[in-house]
1. Within segment 1-58, track down each residue that is among the hydrophobic types (A, V, I, L, M, F, W, C), outside any helix (DSSP H, G or I) and in contact (Cβ under 8 Å) with a residue 12 or more places away in the chain.
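The values are calculated or read from the model by the stated rules, or taken from the named source; none is laboratory data. The structure presented is a predicted model; accordingly, all values stated were derived computationally and were not measured. Using ideal geometry, Cβ is built from the backbone for each residue, glycine included, and neighbour counts are taken over all protein chains shown.
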Amino acid sequence: MKLSREEVQHIALLARLGLSEAEIEKFRIQLSDILENFEILKKVDTNDLPPTAQSIALQNVLRSDETKPSYPVKDIMENAPQREGNCFKTRAVLE
């Protein structure tokens, strides 16, 4: 299906796009090609295919939870520019 220049301008108007003459011609060709591809897809027989939202089975890949020892507080606090006891000291964010 070939789109006309006026149809592309109408689509651009609906999308609130300002197109130059070169862009109108470029998009006319591209949109026409896309519509032609849909025409080809319409010819594919899908009567024996069940409706689906996902073409392949989904499977989550998860690792098992493992407990590990935490870093020593002393090592963590060595990186703190300001600290108060075993806590990082920062400027107040909220009033």
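1. Matches in segment 1-58: Met1, Leu3.
Here is a yes/no grid of residues against (1) modelled with pLDDT of 90 or more; (2) surrounded by 10 or more Cβ atoms within 10 Å (Cβ to Cβ); (3) in contact with a Ser or Thr (Cβ under 7 Å, 6 or more places away or on another chain):
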site	(1), (2), (3)
Lys2	yes, yes, yes
Ala12	yes, yes, no
Ile24	yes, yes, no
Lys43	yes, no, no
Val61	no, no, no
Lys68	yes, no, no
Ala80	no, yes, no
Glu84	no, no, no
